[in-house]
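Novice: Got a structure here, written out as structure tokens. Questions coming.
The values are calculated or read from the model by the stated rules, or taken from the named source; none is laboratory data. As the structure is a prediction and not an experimental result, all values here were calculated from the model. Virtual Cβ from ideal backbone geometry, glycine too; neighbours counted across all protein chains shown. Accessible surface is based on the protein model in full, side chains and every heavy atom, while ligands, DNA and RNA are left aside. Shrake-Rupley method; radii C 1.70, N 1.55, O 1.52, S 1.80 Å.
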Amino acid sequence: MAYQERTNTTYGQRLGKSGKGIGLGILLLVAGTVLLWINEGRAVKTTRMLNEAEKTAIHVEDVSVVNPELDGKLIHATAQVTTSDSLTDPIFGAGAVAVMLAREVEYYQWVETKHEETKDKIGGGQETITTYTYKKEWVGAPIESAEFRDPDYKGLNFTLSNVEDKIQYAENVHFGAYRMPDCLIHQMSGRVPVEPVFTESLKKEWENSLKGVLERRAPKDSIFAEKELVHIDGNVVYFGRNTSMPEIGDVRVTLTKVLPGEASVIAQVYQDNLKEYTAKNGMSLATLTMGAEDMETMFSSEHSKNSILTWLLRLAGILLVVFGLKGITEIIVTLFKVLPFLASIANFGVGAICWIVGILWSVIVIALAWIFYRPVLGISLLVVAALLTFFFIKKGKSLKPTSDEVQEDNK
């Protein structure tokens, strides 16, 4: 059942909060502006680095032996990734000759969800109804239920065991005859299951430990004494009474590995090592794709990644600018809160202005950044911004009634 809290805020308190919001709004506006500027510089530099690398890179058919003639060159090749390193999970005994070994831990917990609904009152006050709901979920970390708002759910969460996530990487990994750097090793993918190694003595040790936790948790409940609390299903270790009916406190551990295999790489050769290629502008590149992939496709993929990241950061910057302007102008809306219907009109109008000004501001910042990094395209963007500004001003004027229309209405 949902738990609710009601709080009331006076008109004066709302004005004070809006006043403080001006400072936060300015910070958001500045942060959004800086992000937009830096992002455009990063995007241009990355594009130039990729273009430079594309012109420089050469395809190499065979990297099974070290070739001194390749020293210092940026190469593309497809070869087998190999390693002789054996990785072992220190807790669950899972081990393999692998590039990566991972342990992912989940906990079954009560999760608190918060929903707020506000109602404006005549006179400028506000009532806030906060609803807290609770449901059981698998989560990546234990949740402290002592902070829950509903007294009925306080302190209900616990865990049978606290086991941390862990990722291990092999140190000695080779691409053909060349040693791979960490930046390429970490790009390898294709996780497959790896089974834990549980001896009877280890399993019994875990059983006793988990039952001890339950005894301290529920000393009068004896049903756990008859139930196994350690269950192993392939690469999953489950701590709890019933794997198909999870209870609060249950823990689920999944073990995976990445095996050596075929990969395609773009990187710079340095003696018998591969390393990141550094362009003239200081940007670097070292990329890996699992399986066989030609050089043109790999560079096209890098350009796409750069484009996607650029647009995501642009969107984030625009939102920061818009919400910053909303924070700065929120006090205007709050002044109208004395009469809620007036506040709704003001909120719509101020919100629309914030979006229009925020988008125009962002376009201008992006254009200025491009003028700095790419003058031709930057000037084009400024022209677009000027045309948009002219359009909105003209549109605003066209919506105002003329003196003749006013006289006609008065008749």
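Novice: Using a Cα-Cα cut-off of under 23 Å, which lysines could be cross-linked to residue 275, ignoring same-chain neighbours fewer than 8 residues away?
Specialist: Cross-link targets: 45, 55, 73, 305.
Novice: Separate question: What share of all Cα pairs of region 83-197, in percent, falls into each consecutive 10 Å distance bin?
Specialist: Calculated over all Cα pairs of region 83-197, the distribution is 11, 26, 19, 17, 14, 8, 4, 1 percent.
Novice: Just reorder 330, 116 by solvent-accessible area, largest first, 1.4 Å probe, all chains present.
Specialist: Sorted by accessible area, descending: 116, 330.
Novice: Could you list the trypsin sites (Lys or Arg not before Pro) in region 1-46 that lie in coil according to DSSP, counting only those with at most 16 other Cβ atoms within 10 Å of their Cβ?
Specialist: none
Novice: Right, next: Only residues of region 107-129 count here: report those whose backbone N is under 19 Å from the spot 7 Å along Cα→Cβ of residue 245, or say none.
Specialist: 108-110
Novice: How much accessible area does residue 355 have with a 1.4 Å probe, in Å² rounded to the nearest 10?
Specialist: Looks like 100 Å² after rounding.
Novice: How many percent of Cα pairs in region 138-268 exceed 24 Å?
Specialist: So the pairs more than 24 Å apart make up 48 percent of the total in region 138-268.
Novice: When the Karplus curve 6.51 cos²θ - 1.76 cosθ + 1.60 is applied with θ = phi - 60°, which whole-Hz ³J(HN,Hα) does each residue of region 244-252 get, with x for Gly and Pro?
Specialist: Values, residue by residue: 8, 10, x, 10, 4, x, 5, 10, 10 Hz.
Novice: Please state, as a whole number in µm²/s, the translational diffusion coefficient that the Stokes-Einstein equation yields for region 96-155 at 37 °C and 0.692 mPa s, with Rh defined as the Kirkwood radius across alpha carbon pairs.
Specialist: In µm²/s, the coefficient is 220.
Novice: Which of the lysines could a cross-linker span from residue 227 if the Cα-Cα distance has to be under 19 Å and same-chain partners fewer than 8 positions apart are dropped?
Specialist: Partners within reach: 203, 204, 211.
Novice: Take the chain, compute every pairwise Cα distance, and split them into 20 Å bins from 0; I just need the percent in each bin.
Specialist: Whole-percent P(r) values from 0 Å outward: 18, 32, 37, 11, 1.
Novice: Run through all the Cα pairs of region 141-210 and give the fraction in each 10 Å bin from 0, expressed as whole percent.
Specialist: Going out from 0 Å in 10 Å bins, region 141-210 shows 14, 23, 23, 24, 13, 4, 0 percent.
Novice: May I ask for the distance between the Cα centers of region 247-288 and region 299-319, given as a whole number of Å?
Specialist: Result: 21 Å between the Cα centres.
Novice: Under a 10 Å cutoff between Cα atoms, tell me which one of 375, 246, 181 has the largest fluctuation in the Gaussian network model of the chain.
Specialist: Judging by the Gaussian network model, the answer is 375.
Novice: 222 nm [θ] for the chain, helices only, -39500 (n - 2.57) per DSSP H run of 4+, per residue, to 500?
Specialist: Helix-only estimate at 222 nm: -15000 deg cm²/dmol.
Novice: Starting from the Cα gyration tensor of region 1-146, multiply each eigenvalue by 5, take the square root, and state the resulting semi-axes largest first in whole Å.
Specialist: After scaling each eigenvalue by five and taking roots: 55, 32, 10 Å.
Novice: Just tell me which lysines come within less than 23 Å, Cα to Cα, of residue 17; anything on the same chain fewer than 8 places away is out.
Specialist: Reachable lysines: 114, 119, 121, 326, 337.
Novice: Right, next: With θ taken as phi - 60° and the coefficients 6.51, -1.76 and 1.60, list the Karplus ³J(HN,Hα) couplings across region 43-53 in order, rounded to whole Hz; mark glycine and proline as x.
Specialist: So the Karplus estimates, Gly and Pro as x, are 4, 5, 4, 5, 4, 5, 5, 5, 5, 5, 5 Hz.
Novice: Just from the alpha-carbon atoms, what are the Rg and Dmax of region 124-169 in angstroms?
Specialist: 16.5, 60
Novice: Starting from the exponent 0.38 and prefactor 2.2 Å, build the expected Rg for region 229-343 from its residue count and divide its actual Cα Rg by it.
Specialist: With N residues counted in region 229-343, Rg over 2.2 N^0.38 Å equals 1.99.
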